[in-house]
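The values are calculated or read from the model by the stated rules, or taken from the named source; none is laboratory data. Keep in mind that this is a model prediction, so the values were computed, not measured. Note that we place each Cβ from the backbone using ideal geometry, even for glycine, and neighbour counts take in every protein chain shown.
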């Protein structure tokens, strides 16, 4: 029971002091989350109120089921981009149908996350390698920034890949609206300046570091207030500046995801991708913050927390959510002590939705886009390419493919290809294992690669060390290696397979070893094994292999050499 | 040049003696191949002449490009079944369109095999594990036998999965034709008897083993002659016995595969599966036979040989072909010495197509089905399930899934699922590596699992041996393991990661090691590595990891313990 409801644990010890900390953090995060919610809804191609709705019940659900004390859940940039891509593929034009599709996507993500959590399959996320995630986030940041340029210019257009976004921008460039550009560019520059200078400025004035940090994060709120006032005062909406317009006032509606099996099928794949990406991002933020306070995150319970949050989003007019990096850091720095801070944030957003939305009528979309651009450009870090290049070609290939395919063919193909390529490269590498011929380091019992060390070898004995588990993909390689090495070797009597790095032998490999044994026997050569690990030996004992083997199994390689050289001396005598 | 044209090598040393051997073998294989070609065309759902055409030019092409001296190429059971399934999915009814699709399938298979050969990608076949192949062949044998029952009963129907075949048989059972059943059942029993008894009978009469073997394989020819005569003499075709009917007389036509991009796309997937299954089967037959005569097979050149054979089939009215097991053994036993035997067989089939097809007019289809059933039931070996069960659960799961899905959902899904499941199980296993805590075996320099051996441990030092390469899928597991183990351990100062079985550290794992190092440092614990392999160390040296590491890298685990216990003693003093 405690496993599934972490609230029972922290709730019991909740006191006035914790309450104060959580309330302060909630106020600060609420102020930050209002513009973000509107902006990410815009990025997802949804009406602004859906961003607000996605910041209310999901936070309450996560507060009950999540294990992170400080994670702030809600709409985030990458997931909003993926939502836009998933819905874009459906080719819908009716705004009501688009909203329904977003709600369905949240429901499917929620159910998938819950299922993964119940079956404790958080391990699935491990198949997204670090370089692939880094490459994907960087490419998504570039795509998101590019997709917002049209709002800064006040022009139409679209596109879900970098080439299509750029060519669409080029086609629509003639429609550029000057007042929009002025507002958009000024806001972007202002936000960059705030981000890069304000903190230093405040620190120099003696403002404490955390306060300076939080004030810096409030830059977008200032930009929104100023630009909204400017548009209202100068009637710039009449001059072609696109504004947010009417946002329905009131609490989130109760929504029922549509019963449309075809839509379910079309959105199932994207929902799985969104869930996994969202989960990986969220858990890594949560773990980083938890480690700073010596707290623990339970990844399988996080799946349940995020699953509940997305399911809640689906039933209250929201769209897919996950834990956000920037807002979680603000929440943490502002002193949030328990998930109750998230619940209070939800109340704050609800109040804003009830009372403040009329004030946002004249808010220019270009300002929201500016906040998105400034936020996502901090995600872009192309140095992952050079770091991967220096480290290993396989990692570089996976990152480069992820970046290029995400930019060129979109987020879904990009991340799927990244995962697929990582797995294929791993299989490829293990299918061509490192095989070393080893000899005795004289005066010791150690055996080392004859190419790297000065070692003693024996003319009648060949010792081969395979640095990989033996499994279906590399058995043929091993067969070929041994048979090609042995065939021309005159006078050879024994082949020892040194298994110190063989962590498993599967059934294909077992059959290959039998084939190698038989073919070596045809050549008058015996096959021996040495240093077989306990679990592998346990498996081999359940087969006839050890009875059929022409040679023996030796506990140590040194023992093998001692026994075989002694026997040969006896044979000669 | 020699690599791509093995004929230049053996052709140069061709002499009269070799010619005689090859001619004898060719005559015997021709007699065996005529009924097989007709039967497998029937199985593939194609007109009988396509089976004959597929046994002419493909054999010539293989003789030029193949590396096996004794492989007999042509239509085979499993590939014919897969052809039927691939074409069945298209929902065609016009016989001309069906033939065109088969020709296209041969072309696509041929091109795919040639590409794989040119890029030396024969290694792809390694991803079909032995148990998956065994399970797939067994399930295919059952499907093929079941699919032929309708011809034995003389009824209609269809189906590509076991349930659909059986329910179709049940629906059509009322149409059963008595003369057909008599012929079909009698032939089946006769062929089983020949297969199981004739050889023993002949051996008892002093007939040499090889001759007895070949005569046994000629059983189907006798059955065909007798049943054709019977149908003709008794006019059984008038009594409802389905006969082969008119087979066009003449050499294979020159066919051009249709230029239909949609058809290409639909058949590309099946063509890849057919190519890989055909290649794996063919190479394993070729290697088995080559090993008996100490000859060599070059798998990458075999791809070219089979690719040429299939391309030839596509341009001369054939359908996908590969090396067959039974006929290759006959070819081998009959003394075939070079691929010229295959070319002579092609001439034999061509002569038969020119002259003998009128004689086959009254051949009952039930007899062809009987030869198929008897041939494929020898492929069925369900013991693979129990062997895999005894050996390992992962292998059993892969075989069982392959068998069940092939029978239940058809050949394409079955074999794809088998490959997919093998790969996933391998990833799953390596994502949860065996991790052992090790201690010193006193009086030696060896370290062993503290759970399996009586060893000495040190209160301030924890040594962990990971029996797997560190890569993206298992890094989180390792992180969790180490942090959970270290957190409650009071007084711990050093963690040594013993890397004797770590064959690679990818970039994700490197980042995880950095994270582990940082978090251990927060707890006042240093991270050390020992027994890092040469290639892994080379990679680590290209990063900042070794500079950042709180601890040291030791060449041997014994050296690590010596150094760390000494330092601690000095600290204490």
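Key figures for this structure:
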{"read-out": "One residue from A:212, A:239, A:204, A:226 being within 35 Å of the chain's Cα centre (by Cα) and either over 26 Å from residue A:360 (Cα atoms) or in the same structural domain as residue A:325 (by TED's automatic domain parsing) (or both)", "value": "A:212"}
{"read-out": "Candidate set from segment B:457-474 (those that are assigned to a loop (DSSP other than H, G, I, E, B) and touching a helix residue (DSSP H, G or I) at 6+ places or on another chain (Cβ under 7 Å)); member that is farthest from the other protein chains (Cβ to nearest Cβ)", "value": "B:460"}
{"read-out": "Matching residues, segment B:95-106, being over 12 Å from residue B:263 (Cα atoms) and either touching a helix residue (DSSP H, G or I) at 6+ places or on another chain (Cβ under 9 Å) or crowded, with 24+ Cβ neighbours inside 10 Å (or both)", "value": "B:99, B:106"}
{"read-out": "Test for residue B:553: is it within 22 Å of residue B:429 (Cβ to Cβ) and at pLDDT 90 or above", "value": "no"}
{"read-out": "Residue selected from segment B:51-75 under the condition in a loop (DSSP other than H, G, I, E, B) and modelled with pLDDT of 95 or more, by the criterion surrounded by the most Cβ atoms within 10 Å (Cβ to Cβ)", "value": "B:54"}
{"read-out": "Within segment A:285-305, tally of residues that are in a helix (DSSP H, G or I) and either without any contact (Cβ under 8 Å) to a residue 60 or more places away in the chain or not assigned by TED's automatic domain parsing to the domain that holds residue A:107 (or both)", "value": "4"}
{"read-out": "Residue in segment B:23-32 that is at pLDDT below 90, more than 25 Å from the chain's Cα centre (by Cα) and assigned to a loop (DSSP other than H, G, I, E, B) present", "value": "no"}
{"read-out": "Residue count for segment A:496-518, restricted to those that are touching a residue at least 40 places away in the same chain (Cβ under 8 Å) and farther than 23 Å from residue B:132 by Cβ", "value": "3"}
{"read-out": "For residue A:425: the one exception among (1) crowded, with 20+ Cβ neighbours inside 10 Å; (2) more than 17 Å from residue A:132 (Cβ to Cβ); (3) in contact with a helix residue (DSSP H, G or I) (Cβ under 8 Å, 6 or more places away or on another chain)", "value": "(2)"}
{"read-out": "Check on residue A:11, within 20 Å of residue A:346 (Cα to Cα), in a helix (DSSP H, G or I) and modelled with pLDDT of 95 or more", "value": "no"}
{"read-out": "Flag if residue B:161 is closer than 20 Å to residue B:380 by Cα and either in contact with a strand residue (DSSP E or B) (Cβ under 7 Å, 6 or more places away or on another chain) or in contact (Cβ under 8 Å) with a residue 12 or more places away in the chain (or both)", "value": "yes"}
{"read-out": "Matching residues in segment A:322-342 - criterion: being within 25 Å of the chain's Cα centre (by Cα), in a helix (DSSP H, G or I) and within 20 Å of residue A:303 (Cα to Cα)", "value": "A:325, A:327, A:328, A:342"}
{"read-out": "All helices (runs of 4 or more DSSP H) inside segment B:361-456 with 2 or more residues being within 30 Å of residue A:447 (Cβ to Cβ) and within 11 Å of chain A (Cβ to nearest Cβ)", "value": "B:411-431"}
{"read-out": "Within segment B:490-573, helices (runs of 4 or more DSSP H) holding 2 or more residues that are closer than 19 Å to residue B:462 by Cα", "value": "B:507-522, B:557-572"}
{"read-out": "Test: residue A:370 is surrounded by 23 or more Cβ atoms within 10 Å (Cβ to Cβ), in the same structural domain as residue A:37 (by TED's automatic domain parsing), modelled with pLDDT of 90 or more and touching a helix residue (DSSP H, G or I) at 6+ places or on another chain (Cβ under 8 Å)", "value": "yes"}
{"read-out": "Test: residue B:403 is surrounded by 20 or more Cβ atoms within 10 Å (Cβ to Cβ), modelled with pLDDT under 90 and over 30 Å from residue B:466 (Cα atoms)", "value": "no"}
{"read-out": "Selection within segment B:112-123 - touching a residue at least 12 places away in the same chain (Cβ under 8 Å) and either touching a strand residue (DSSP E or B) at 6+ places or on another chain (Cβ under 6 Å) or buried (at least 17 other Cβ atoms within 10 Å of the Cβ) (or both)", "value": "B:112, B:113, B:114, B:116, B:117, B:122"}
{"read-out": "Residue match in segment B:478-486 (condition: touching a strand residue (DSSP E or B) at 6+ places or on another chain (Cβ under 7 Å), within 14 Å of chain A (Cβ to nearest Cβ) and part of a strand (DSSP E or B))", "value": "no"}
{"read-out": "Meets criteria (in contact (Cβ under 8 Å) with a residue 60 or more places away in the chain, assigned by TED's automatic domain parsing to the domain that holds residue A:353, under 26 Å from residue A:89 (Cβ atoms) and not in a helix (DSSP H, G or I)) for residue A:270", "value": "no"}
{"read-out": "The lone exception for residue A:496 - which of (1) closer than 25 Å to residue B:433 by Cα; (2) modelled with pLDDT of 90 or more; (3) touching a strand residue (DSSP E or B) at 6+ places or on another chain (Cβ under 9 Å); (4) crowded, with 21+ Cβ neighbours inside 10 Å it fails", "value": "(1)"}
